[in-house]
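The values are calculated or read from the model by the stated rules, or taken from the named source; none is laboratory data. Please read all numbers here as calculations on a predicted model, not as lab measurements. Here the Cβ positions follow ideal geometry from the backbone for every residue, glycine too, while neighbour counts run over all protein chains shown.
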Amino acid sequence: MSSQQLLVPPPAVLWQPLAIPDRLLLGPGPSNVPPRILAAGGRQLIGHLHKEMFQIMDEIKLGIQYAFQTQNSLTLAISGPGHCAMEAALLNAVEAGEVVLIAVNGIWGERATDISKRLGADVHQLVKPPGEYFALKEIEEALAQHKPSLFFITHGESSSGVLQPLDGLGELCHRYKCLLLVDSVASLGGAPILMDQQGIDILYSGSQKVLNAPPGSAPISFSERARKKIFSRRTKPPSFFLDMGWLANYWGCDDKPRIYHHTAPINSFFSLREGLAILAEQGLENSWKLHKENSLYLCAGLQQLGLQLFVKEQEVRLPTITTFVLPEGYDWKEVTTFIMNKHAIEISGGLGPSAGKVLRIGLMGYNSTKFNADQVLHALKDALQHCHKNKL
Ligand code: PMP
């Protein structure tokens with residue numbers, strides 16, 4: 001044994017019990033985790049290569065196929081948050097020098113641009129102000145101009161509260177020999193998305209929004225067209241961890257025996273399995289309807305408080321995350337802090353291009369109830385009465 005003295009003492013704070021306050025998470029995510037999913041995540045582990053784990057992974061795959069409405073065999077969950085799925089999509093589908101077109105109307109297009117540039121892609125952006133969506137005609141013009149091999153767009157723009165219409169987009173992209181990549185982290189389960197029928201080639205989501213599981217696993221799926229492209233690359237994907245060849249094998253999506261790639265976050269997968277099971281039991285249509293009704297209820301309540309909704313047209317408001325504008329003179333940070341400190345409710349300010357412009361309220365999955373909408377409206381009313389209003 002070493003006789004050397006330890007230079008770093010054990011931190012005294014770790015002798016204290018773990019302290020976690022009770023909070024209603026009505027920001028853009030994560031959402032509160034319901035007891036059934038919490039219980040699943042707290043179960044004892046099994047080995048990540050045990051046959052029972054493979055069975056659970058197969059069940060997750062079926063759950064994702066249902067949630068995405070796809071028959072794609074290359075469907076799995078990435079071990080990591082939504083950003084990992086975003087990177088997995090781009091770094092498998094894009095090779096250095098390829099042209100990529102990215103729709104930017106909030107932070108997610110900006111992030112996809114950053115990732116694509118790191119991959120050495122020839123990146124072009126189609127930019128709109130936050131709060132607006134893209135019309136097919138505008139997209140078609142950009143496809144014709146840049147001739148990309150991949151087009152990225154966000155279905156639920158959580159930084160601005162926009163729900164991007166997707167009908168006709170897959171067909172359009174395929175006419176221009178381009179793959180369609182869609183981010184549905186903030187919209188899956190909250191608004192209709194039909195991967196196969198809408199011709200989406202790559203779709204990914206996250207676990208911590210409507211699915212109500214803790215963050216850390218991210219559903220993803222690839223169409224046959226996307227599969228062909230990624231499996232006929234000239235170069236290896238620049239990440240071992242996110243290499244879809246390896247992950248396809250780990251998830252039983254090829255015909256070879258499964259071999260060790262990484263140690264899966266086993267209890268994150270238990271939780272994701274339960275989140276998907278709840279969605280399957282509830283039914284997608286019911287889930288979409290519930291989110292729509294509760295978001296309309298919240299929007300009406302915000303308007304009654306005299307607040308202005310950020311997204312002008314109702315049909316393109318994201319049912320999971322609602323954005324609104326604070327009246328002149330209020331400081332958004334003071335309002336969110338007041339609501340957190342006095343009411344133990346999280347709501348959030350803007351992000352990226354919407355920073356300083358909006359406040360965001362999320363009603364997702366288990367949290368999407370009229371009761372929660374009333375709670376946050378009550379807290380907001382209180383904040384508007386008690387927070388400092390600059391008279392200048
Ligand atoms: N895309 C969208 C639309 C999101 O809302 C988020 C999370 N807020 C992400 C991607 C990234 O997900 P994560 O934070 O899990 O990495």
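Residues in segment 30-66 that are more than 22 Å from the chain's Cα centre (by Cα), of a type in the set (S, T, N, Q) and in a helix (DSSP H, G or I): how many? The qualifying residues number 1.
Residue by residue, here is whether (1) in contact with a Gly (Cβ under 6 Å, 6 or more places away or on another chain); (2) at pLDDT below 95; (3) surrounded by fewer than 18 Cβ atoms within 10 Å (Cβ to Cβ) holds:
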site: 1; (1), (2), (3): no, yes, yes
site: 7; (1), (2), (3): no, no, yes
site: 14; (1), (2), (3): no, no, yes
site: 21; (1), (2), (3): no, no, yes
site: 27; (1), (2), (3): yes, no, no
site: 39; (1), (2), (3): no, no, yes
site: 55; (1), (2), (3): no, no, yes
site: 65; (1), (2), (3): no, no, no
site: 69; (1), (2), (3): no, no, yes
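Residue-by-condition table, conditions (1) in contact with a strand residue (DSSP E or B) (Cβ under 9 Å, 6 or more places away or on another chain); (2) more than 18 Å from residue 95 (Cβ to Cβ); (3) among the hydroxyl-bearing types (Ser, Thr, Tyr); (4) within 16 Å of the ligand (Cβ to nearest atom):
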| position | (1), (2), (3), (4) |
| --- | --- |
| 212 | no, yes, no, yes |
| 220 | yes, yes, no, yes |
| 232 | no, no, yes, no |
| 235 | no, no, yes, no |
| 238 | no, no, no, no |
| 243 | no, no, no, no |
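Of everything listed in (1) under 17 Å from residue 93 (Cα atoms); (2) within 16 Å of the ligand (Cβ to nearest atom); (3) touching an Asp or Glu at 6+ places or on another chain (Cβ under 8 Å); (4) not hydrophobic (A, V, I, L, M, F, W, C), the single unmet condition for residue 164 is (1). Within segment 25-52, residues that are more than 30 Å from residue 351 (Cα to Cα) have Cβ atoms under 6 Å from residues that are loosely packed, with under 13 Cβ neighbours inside 10 Å in these pairs: 46/52; 48/263, counting only partners at least 6 apart in sequence or on another chain.
For segment 80-99, filtered to residues that are in contact with a Pro (Cβ under 7 Å, 6 or more places away or on another chain) and either under 24 Å from residue 248 (Cα atoms) or not hydrophobic (A, V, I, L, M, F, W, C) (or both), the residue that is farthest from the ligand (Cβ to nearest atom) is 92. Identify, by number, the condition in (1) more than 15 Å from the ligand (Cβ to nearest atom); (2) farther than 26 Å from residue 295 by Cβ that residue 195 doesn't meet. The failed condition is (2).
Being more than 16 Å from the ligand (Cβ to nearest atom), in contact with a Pro (Cβ under 6 Å, 6 or more places away or on another chain) and not charged (D, E, K, R) is the requirement here; does residue 173 meet it? Spelling it out, it is not the case that residue 173 is more than 16 Å from the ligand (Cβ to nearest atom), in contact with a Pro (Cβ under 6 Å, 6 or more places away or on another chain) and not charged (D, E, K, R). Where residues in segment 142-156 are among the aliphatic types (A, V, I, L, M) and crowded, with 24+ Cβ neighbours inside 10 Å, which of them is farthest from residue 225 (Cα to Cα)? Taking the candidates together, the pick is 153. With the structure loaded, tell me whether residue 157 is among the acidic types (Asp, Glu) and touching a residue at least 24 places away in the same chain (Cβ under 8 Å) or whether it fails that test. Yes, satisfied. Search segment 81-95 for residues that are in contact (Cβ under 8 Å) with a residue 60 or more places away in the chain and closer than 20 Å to residue 178 by Cα and pair each with any residue that is basic (Lys, Arg) and assigned to a loop (DSSP other than H, G, I, E, B) when their beta-carbon atoms are under 7 Å apart and the residues are at least 6 apart or on different chains. Every condition considered, the pairs that remain are 95/233; 95/234. Selection over segment 1-29 of residues that are out of contact with any strand residue (DSSP E or B) (no Cβ under 9 Å at 6 or more places or on another chain), assigned to a loop (DSSP other than H, G, I, E, B) and not polar (S, T, N, Q) gives a count of 13.
Among the residues of segment 183-240, the ones that are small (Gly, Ala, Ser), on the phi > 0 side of the Ramachandran plot and in contact (Cβ under 8 Å) with a residue 40 or more places away in the chain come to 2 in all.
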